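Heads up, the thing below is written out as structure tokens.
The values are calculated or read from the model by the stated rules, or taken from the named source; none is laboratory data. These numbers come from a predicted model, not from an experiment. Methodologically, a virtual Cβ is constructed for each residue, glycine included, from the backbone with ideal geometry; neighbour enumeration extends over all protein chains shown. Side chains included, ligands, DNA and RNA excluded: accessible areas come from the protein's heavy atoms. Shrake-Rupley method; radii C 1.70, N 1.55, O 1.52, S 1.80 Å.
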Amino acid sequence: MKPEELVQRALKAREKAYAPYSHFKVGAAILSTDGEVFTGCNVENASYGLTVCAERVALFKAVTMGRRSFSAIAIAAGTSDYCSPCGACRQVLAEFGGSTKVYMANCKGEYREMTVAELLPAAFNLTK
Ligand code: THU
């Protein structure tokens, strides 16, 4: 799948974002190595700290469906800036491998690409 297509899936997922507090809507789409796409949006809560980011929703949906290996994830916000994943989401993505590509997109579908390892060097790991 082309990066542009994954970015479009993230932008589409963003439409479902539940963000009545921040009004900052985010969408994500993660591609498993067997070619499936799982999407997510941010889900906020009145108890602000319980909010879950779009990336983690997408990743947890994928893991719940039996996937543990990912080629790429696209993240999109409605801003002209590229949407960069928060620190918590970087750590959660790192759990499943540093080589996953991250397409950070803006409202126009333009994106820049980095890997999870580039975004989170020296990630915490219990096994290495
Ligand atoms: N958010 C995400 O969904 N992903 C990120 O990587 C950064 C932040 C959400 C959380 C919250 O609902 C809103 O954006 C503002 O922080």
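Quick look at the numbers
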read-out	value
Residues located in the range 1-18, provided they are surrounded by 20 or more Cβ atoms within 10 Å (Cβ to Cβ) and either assigned to a loop (DSSP other than H, G, I, E, B) or not hydrophobic (A, V, I, L, M, F, W, C) (or both)	Arg9, Arg14, Ala17
Residue list for the range 83-128, filter: buried (at least 19 other Cβ atoms within 10 Å of the Cβ), over 16 Å from Leu59 (Cβ atoms) and of a type in the set (Phe, Trp, Tyr)	Tyr111
Subset of the range 19-31 [near the ligand (Cβ under 8 Å from one of its atoms), open to solvent by 20 Å² or more (accessible area, probe 1.4 Å) and more than 13 Å from the chain's Cα centre (by Cα)]	Tyr21, Ser22, Phe24
Residues located in the range 87-128, provided they are assigned to a loop (DSSP other than H, G, I, E, B) and touching a strand residue (DSSP E or B) at 6+ places or on another chain (Cβ under 8 Å)	Phe96, Gly97, Gly98, Ser99, Thr100, Asn106, Cys107, Gly109
Every pair of residues 6+ apart whose Cβ atoms lie under 7 Å, when the first sits in the range 74-88 and is at negative phi while the second is of a type in the set (Gly, Ala, Ser) and within 9 Å of the ligand (Cβ to nearest atom)	Ala74/Ala28; Ile75/Ala28; Ile75/Ala54; Ala76/Gly27; Cys83/Ala77
Hey, Ser84 modelled with pLDDT of 95 or more and part of a loop (DSSP other than H, G, I, E, B) or not	yes
Which numbered condition Glu95 misses (of (1) within 13 Å of the ligand (Cβ to nearest atom); (2) acidic (Asp, Glu); (3) more than 13 Å from the chain's Cα centre (by Cα))	(1)
Members of the range 47-74 found to be part of a loop (DSSP other than H, G, I, E, B), of a type outside the set (S, T, N, Q) and either within 8 Å of the ligand (Cβ to nearest atom) or open to solvent by 70 Å² or more (accessible area, probe 1.4 Å) (or both), listed by number	Cys53, Met65, Arg68
Check on Ala77, closer than 22 Å to Glu110 by Cα, over 10 Å from the mean Cα position of the chain (by Cα), open to solvent by less than 50 Å² (accessible area, probe 1.4 Å) and within 13 Å of the ligand (Cβ to nearest atom)	yes
